[in-house]
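Chemist: Starting off with a structure, shown below.
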Amino acid sequence: MQKKDIDWGNLSFAYIKTDKRFVSNYKNGAWDEGALVDDATVCISECAGVIQYSQTVFEGLKAYTTEDGHIVCFRPDLNAARIEESAKRLEIPVFPQERFLKAVDEVVAANEAFVPPYGSGATFYLRPVLFATGPVIGVKPAEEYQFRIFGTPVGPYFKGGAKPIVIKVSDFDRAAPNGTGHIKAGLNYAMSLHAIVTAHEEGYAENLYLDPKTRTKVEETGGANFLFVTKDNKVVTPKSNSILPSITRRSLVQVAKEYLGLEAEEREITLEEVKDMAECGLCGTAAVISPVGKIVDHGKEICFPSGMEKMGPITQKLYDTLTGIQMGRIEGPKGWVHRIK
Ligand code: PLP
Ligand code: COI
């Protein structure tokens, strides 16, 4: 199969239109059969629920070319389960999980020419979306929806790839205490746009959001969960019911315990104790593990001993093991790597 003429090694995290996407529509209480289509545009009512009241949820997962030339996806069953939780919270009809998984396979297979080759540093990012297409003017759930999965080849989420970044403690909140921080709803990201633009203008790569209730505990960034390594080599990640349950973070905790023999714990982490951590990283599908070298809290700098040049040693081991599993160099736990081709 002839790959597209793309400079794989220099891709950024940006959208490139690919050949096929899967689309299914919900009407009269049922999802239609759905199909792979060529049209990358969506034509909906000006009064669609997604436009009026942001009734939309999404997912993010990647397909990889393995060392031995297969194309695989990483734990797509967890994305299928998570979008179901997200949909229920926004009163969107669930798209059946087995159909979600089949559509992932179809979209990847139909866009094989866009799946970056092994060793290129790029991956094929899949974006499932589920949104209200039916008109609503009173505040209520719509009656019609679309489920769509498209994909795009991507490079690193943060410029510089594995170079440590500097982030700031934000004065904005990302999620309310009993709100929607734990689901992947578009509205959470709309909420974060002013904060991220502000952070970028000030020279920071991302925001550290604090817990909205007490503003003393570390939550997450706009697009990734935190992972810290303590000075005695323990992996710790924030526990909160207003952060997204990251599939990458859950996988890394298991990798830390089962592959690296480390202690790993999910617990509340105060901003106060962050200065005592040895390493810090942001983890997510897009971010993979992006090392954080420095956190700035209103002029006060928290500099991690791992420095601004490279990832800390434990973060590096976690990164190597996780990407080794994803790219087929290391055998993953049962069910983690789903082969498509
Ligand atoms: N937190 C937020 C706010 C995100 O947008 C993402 C990305 O999906 C994550 C965390 C990481 O989640 P995952 O590892 O499942 O991609
Ligand atoms: C992902 O990692 O899949 C995300 O959705 C994060 C987003 C900010 C790109």
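The values are calculated or read from the model by the stated rules, or taken from the named source; none is laboratory data. Since the structure is predicted, the reported quantities are computational estimates derived from the model, not experimental observations. When we count neighbours, we look across all protein chains shown, and the Cβ atoms used for this are built from the backbone with ideal geometry, even at glycine. Heads up: the accessible areas ignore ligands, DNA and RNA and are worked out on the full protein's heavy atoms, side chains in. Shrake-Rupley method; radii C 1.70, N 1.55, O 1.52, S 1.80 Å.
Chemist: So residue 173 clears everything in (1) open to solvent by 20 Å² or more (accessible area, probe 1.4 Å); (2) within 16 Å of ligand 1 (Cβ to nearest atom); (3) under 23 Å from residue 318 (Cβ atoms) except one condition, right? Which one?
Modeler: (3)
Chemist: Further, regarding this structure: Pick from the range 85-96 the residues that are without any contact (Cβ under 8 Å) to a residue 60 or more places away in the chain and open to solvent by less than 40 Å² (accessible area, probe 1.4 Å): which of them is farthest from the chain's Cα centre (by Cα)?
Modeler: The qualifying residue farthest from the chain's Cα centre (by Cα) is 92.
Chemist: Still on this structure, please answer the following. Restricting to the range 190-204, and then to whatever is open to solvent by 50 Å² or more (accessible area, probe 1.4 Å), part of a helix (DSSP H, G or I) and not β-branched (Val, Ile, Thr), can you tell me which residue is farthest from ligand 1 (Cβ to nearest atom)?
Modeler: Among those residues, the one meeting the criterion is 201.
Chemist: Give just the number: which of (1) of a type in the set (Val, Ile, Thr); (2) surrounded by fewer than 17 Cβ atoms within 10 Å (Cβ to Cβ); (3) in contact with a strand residue (DSSP E or B) (Cβ under 8 Å, 6 or more places away or on another chain); (4) within 17 Å of residue 62 (Cβ to Cβ) does residue 289 not satisfy?
Modeler: Residue 289 satisfies all of (1) of a type in the set (Val, Ile, Thr); (2) surrounded by fewer than 17 Cβ atoms within 10 Å (Cβ to Cβ); (3) in contact with a strand residue (DSSP E or B) (Cβ under 8 Å, 6 or more places away or on another chain); (4) within 17 Å of residue 62 (Cβ to Cβ) except (2).
Chemist: Working only within the range 244-264, note down all residues that are without any contact (Cβ under 8 Å) to a residue 40 or more places away in the chain and either in contact with a helix residue (DSSP H, G or I) (Cβ under 8 Å, 6 or more places away or on another chain) or within 16 Å of ligand 1 (Cβ to nearest atom) (or both).
Modeler: Of everything in the range 244-264, those that are without any contact (Cβ under 8 Å) to a residue 40 or more places away in the chain and either in contact with a helix residue (DSSP H, G or I) (Cβ under 8 Å, 6 or more places away or on another chain) or within 16 Å of ligand 1 (Cβ to nearest atom) (or both) turn out to be 246, 249, 253, 263, 264.
Chemist: Could you grab me the full set of residues in the range 49-70 that are under 19 Å from residue 100 (Cα atoms), open to solvent by 10 Å² or more (accessible area, probe 1.4 Å) and β-branched (Val, Ile, Thr)?
Modeler: The one that is under 19 Å from residue 100 (Cα atoms), open to solvent by 10 Å² or more (accessible area, probe 1.4 Å) and β-branched (Val, Ile, Thr): 56.
Chemist: Output the number of the condition that residue 79 fails; it satisfies all remaining conditions of (1) open to solvent by less than 50 Å² (accessible area, probe 1.4 Å); (2) within 16 Å of ligand 2 (Cβ to nearest atom); (3) more than 23 Å from residue 18 (Cα to Cα).
Modeler: The single condition residue 79 does not satisfy is (3).
Chemist: In the range 112-137, which residues are open to solvent by 10 Å² or more (accessible area, probe 1.4 Å) and closer than 20 Å to residue 89 by Cβ?
Modeler: 127, 129, 131, 133
Chemist: Now, a different point. Regarding the range 33-41, can at least one residue be identified that is crowded, with 17+ Cβ neighbours inside 10 Å and at pLDDT 95 or above?
Modeler: yes
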